[in-house]
Amino acid sequence: MNKDALLATIIGFGVGLIIAALVFLGPSLIKNFPQIKLPNMSGIASMFTPANKPKPTPTPKPGEGLTIQSPLPEAIEPKNETLVSGSAVPESIVVIETGSVETVAVANLQGAYAGKIALTEGKNDILVTSYANGKIQSTTVTVYYTPEDF
């Protein structure tokens, strides 16, 4: 055998022996190393957040205000009519209108209302107005109607 082949065999055997020792003895050696803990970075993170961070708006409770839960804003409706529902002051009169079409609904004791409204092709701005106890509240939602299939 020549010297190069003998040297390569010895080096390969040595490397294999080191790898085998690490596989078998590694877990017990790692337990003996000191535990490293990262510093608390929350102080640094607060330096980069704006001081006047916007606060989330609270969800109105039933009886507090007028909300539209369905349809969602900027929704694409597949039919030429949609069900508009949400919450308002209990037992208030709710008028749902788009352009020249309007529907009147009455909120139940929990404040829930619902009414169907016809849509025209394209953009539809739906205005919902609540009349209760001499107070008038309004909110709008925009939906799109297209007869096309996606």
Query raised in the report: Glu102: free of Cβ contacts under 8 Å to residues at least 24 places away in the same chain, in a strand (DSSP E or B) and surrounded by fewer than 18 Cβ atoms within 10 Å (Cβ to Cβ), yes or no?
Result: yes
Query raised in the report: Can you find a residue in the stretch 96-104 that is under 18 Å from Leu72 (Cβ atoms), modelled with pLDDT of 90 or more and among the acidic types (Asp, Glu)?
Result: no
Query raised in the report: From the residues in the stretch 54-80 that are surrounded by 13 or more Cβ atoms within 10 Å (Cβ to Cβ) and either in contact with a Cys (Cβ under 9 Å, 6 or more places away or on another chain) or among the charged types (D, E, K, R) (or both), which one is modelled with the lowest pLDDT?
Result: Glu64
Requested in this report: Filter the stretch 132-150 down to the residues that are part of a strand (DSSP E or B) and exposed (fewer than 15 other Cβ atoms within 10 Å of the Cβ), then identify the one that is nearest to the chain's Cα centre (by Cα).
Outcome: Thr142
Query raised in the report: Within the stretch 105-126, how many residues turn out to be surrounded by 15 or more Cβ atoms within 10 Å (Cβ to Cβ) and in contact with an Asp or Glu (Cβ under 7 Å, 6 or more places away or on another chain)?
Result: 4
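The values are calculated or read from the model by the stated rules, or taken from the named source; none is laboratory data. Everything numeric here is computed off the predicted structure, so don't read it as measured data. Ideal geometry is used to build each Cβ from the backbone, glycine not excepted, and the neighbour counts take in all protein chains shown.
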